[in-house]
1. What net charge do the residues around A:Leu146 carry, taking every other residue with its C-beta under 11 Å from that of A:Leu146, with Lys and Arg at +1 and Asp and Glu at -1?
2. Give, rounded to the nearest 20 debye, the magnitude of the charge dipole that segment A:93-137 has about its Cα centre when Lys and Arg contribute +1 at Cβ and Asp and Glu contribute -1 at Cβ.
3. Considering the convex hull of the alpha carbon atoms of the protein assembly as shown, report its projected area averaged over all viewing directions, in nm², one decimal.
4. With a ≥ b ≥ c taken as the square roots of the eigenvalues of the C-alpha gyration tensor of chain B, please select rounded if a/c is under 1.5 and otherwise prolate if a/b is larger than b/c or oblate if it is not?
5. Compactness ratio of segment B:660-782: Cα Rg over 2.2 N^0.38 Å, N = residue count?
6. Under a 5 Å amide H to amide H cut-off, with H placed in plane at 1.01 Å, what residues pair with A:Leu166 once short-range neighbours are removed?
7. Can you put B:Thr175, B:Thr663 in order of accessible area, largest first, using a 1.4 Å probe?
8. Considering the Cα positions of segment A:15-96, please state its Rg to one decimal place and its Dmax as a whole number of Å.
Amino acid sequence: MCQQNAMVTEIARMLGCMHPDAALQDRIQTALEQVQQAAQPRAVWRYFPLEQQNTPSVAGIHLIGSDIARHLLGCHAVVLMAATLSASADSYLRCAASEDLSFGLIADAAAGVLVEQLCHDTEAAIRAQIKSPFLTERFSPGYGDLPITLQADLLRLLDAQRTIGLTATPQSTLLPMKSVTAILGCSEHPVQDARRFGCGSSCALCPHKPYCMQRRTDESSLEP
Amino acid sequence: MDFTSLRMQEFILLDGGMGTMLHLTAGEIPEALNLSDPERIAAVHRAYYAAGSQILYANTFGANRLKLADTDLDPAACIRAAIRIAKEATNGAACVALDVGPTGQLLQPNGMLSFEEAYACYREVMIAGTEAGADLIVIETMSDLLEMKAALLAAKEHSHLPVLCTMTFTETGRTFTGCPVSAMALTLEGLQADAIGINCSLGPREMLPMIRELADWTSLPLIVKPNAGLPDPVTGIYHITPEEFANYLCAFADCGVQFFGGCCGTTPDYIAAVRQKLESKRRARRIFHPQAAVCSGTKTVVLDQPKVIGERINPTGKKRMREALQQGDLDYLRSEAIAQTQAGADLLDVNVGTPGIDEPVMLPAAVRAVMEVSDLPLQLDSSDPAALEAALRIYPGKAIVNSVCGKEASLAAVLPLVKHYGAAVVGLTLDENGIPATASERFRIAERILQRALSLGIPKEDVYIDCLTLTASTGESGPVETIAAMRRVRMELGLQTVLGVSNISFGLPNRPLINRNFLNMALSNGLTLPILNPKAEDMMDTIRTYRMLAGFDVNCADYIAHYQDTVNASPVPLSSTFSLSEAVAHGMKQEAARLTKEALLSQEPMTIINEHLIPALDTVGAQYEAGTLFLPQLIQAATAAQSAFAVLKQSFTDRSEAQSKGTIVIATVQGDVHDIGKNIVKLLLENYGYTVIDLGKDVAPEHIVEAAVQYRVSLVGLSALMTTTVPAMAATIALLHERMPQCKVVVGGAVLTEEYAMEIGADCYAKDAKASVDYAKIVYGE
């Protein structure tokens, strides 16, 4: 229940409402429950050795950009993961938006929060199974200067179409839509795992901070 | 050995995993090895043959142009090489199958790939494989029934070879795209696959209950080709041993399975173990009881009790639907599909026949639109065989064709389509002499239609008969003859019966009263598929009550679920004290429509717009900009305003004073599938009096420009959400500026900035939907 409440707050935040009224909270709650019912959360992950030469690379795939290189500094291996709420969630969102655009928008945000939760749960499972003492945070294509065009390669390495039904379009959109891929670095030594990109635990280090509409106003309380 | 003689054997052994055996190194593409390292592939085939495989899957799983798009490999060349390698590996001793896997792209509506593109891709594969001398075709690891259908149709239409079809299922008993085992069986048997089954999909243990279910749904030979369980994410090792695998597979022989093999993680050791185990087994004889059923790509409806066909998507006598079709406004069809689905329809009829409509183009478009928002199986309703075929091709699942009749021309044109696409068909009891007056003559036409269908190999379960409702006011014996004919069709021929119910009351007062009583009469006399308006509550009440009283509703569960709250239903709320502006501002859709109707009694439509609706929207817009009200509430208010406008629009059409402030074409650009932002913009623009031509998502630049030219617009709105699709936006703008230099372009989307928008040549960057409206006002000189 506590988790549901936290998710409602998070969905409201994604919709740009810091203090949703009771009516909006009710609609968010309903949307969340319906998306949960429609979704079939699936995730797959695999462990790969990391080659660190000029650029880090996994099974022959070069991870391009300075941000991922910094993220994986000192790592000897990576875990690649992919997670999706499945096509059933997309079908539900299509119907919801077609019937009532306002509710559809809320449901869309709810699905966004749920896929994030799925990533969180998958990461927890990874952390429980991986022997490496230290793991970085998740880093996804499109964060910083890691190109989004990497999606197809990551999916191939995970055999993601077979294992969880996840594909990428030629434009690198993940389909089903409510899906995420990510890279976690494995290291024998403590990693600098401040999350610099995406939307997670810290806004302080995020390069999008100056203009991000989702920026937390209660930032100080969340900082370690 | 050839496939026909192989088919006579008790068991047939397929091979195991190819990828598992190849031990690919970084960056290697399996299909490329056919050309660069044929010996490596041949060695795998020889190993499987030595282990007992009688059918070898050539190394062509991903050899299609969509999967190989990023490489310089020619799919046909890969296929030719692969078939040759497999044939030579055993000197022709084993059968060689052209192995066909998914394209790697999701089909619409879940993805962007169209049926036609998928079909074209598979056609190349089937032609190349057949020409290269494959002994048979296997289509495997499919998740989407429509993609499977594209591949199977391509095979059947471009090759004479037998086709084996297997799909991959999850622990839910459905594929990733939601296809249940039953829908796969109904569809693929209809499309005349030669054997069907399940491959990949977790391990053999999880697959067993699905195969049992499949055996109940098909008369075709069965195939299993499971994974060796699931791989360990750290080591990549599959957890089931050859011995365990073989033990599991023996249980499949007891379900009557004939084809056995392995998928991911299996090796020749697994095949050898299976072969050894099966030596002492016989396959169980199967007893198959065919049942009447239809399906969409994600839902099966068994016709074991009266099922309701929703009639609302039909322009006949429905002005709003006719207008929507003529304007290409598929949103209205979608909303009718959703409403009927929610009201309890089991199937939906789709008819687009109205003057000015190109049915072969519009029927498939309407079918696609309906399937975006409803999972119900569809009845494709047209008298034009070309329209029926166009819709049958792109329909995932087993549809109902409505209709054929006793006329020779109709039988000759429609029934072959029904057979080819594996559909069910509604036969109308009329012929060259019109609708017979008597029940016995109608019954004879029904018999004739049935005989003709059977002679083409269409099973009896797939022939439904409509004995035709004639208007009661035209003759007192009409209803009785219809009922009598229908009763005989049901009792003597054992066929499903269809009837458009509400026709009975045409021209008479109190139509609902007649309709529900006629429905009751018809149900009691063997009507199984009433076509009616599921939004008419009394009709659905009659259906539910009949199902309960006739013993179809176990424990009255469905009846109770629907009506238990009726006794203590909450009292009807007193009429509110809200004003129209307040109702809009609070996003109260029904209330806004009701208050608008009320206001129309004393005020002119333009007064209502200018004095109530626009001020309410402006207030909400200002609150949104000030941050005291948020996007969902803004949209809710806009939706409420839209319901008010819909009421006004009717009074406008009556008085022909509809005044649009201008027409705007909007679209999400090619390659981009995100459309929620675009839809918000559309809603707001409509609120402010603009006519919006919404081209949808993933729209090619040429298509956008054509629409802009056709509607002679001064403004085009484009949306893109990905850095990778902004180039398509730039290309669209360039083409627009070239062809329509005077036309302005407003762009929006998450990845865009003011600067970026100017760089790609846009005239305006809209940071949100409100900003788009503001720009439209400037362009149209408000």
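1. Charge balance in the 11 Å sphere: -1.
2. 260
3. Taking the Cα atoms of the protein assembly as shown, their convex hull projects to 43.0 nm² on average.
4. It comes out oblate by the Cα gyration axes.
5. 0.91
6. A:Gln161
7. Descending order: B:Thr663, B:Thr175.
8. In order Rg, Dmax, the Cα atoms of segment A:15-96 give 19.8, 55 Å.
The values are calculated or read from the model by the stated rules, or taken from the named source; none is laboratory data. Owing to the predicted nature of the structure, the values given are computational and were not obtained by experimental measurement. Every residue, glycine as well, gets a Cβ built from its backbone with ideal geometry; the counts of neighbours run over all protein chains shown. Ligands, DNA and RNA are excluded from the accessible area calculation, which covers all protein heavy atoms including side chains. Shrake-Rupley method; radii C 1.70, N 1.55, O 1.52, S 1.80 Å.
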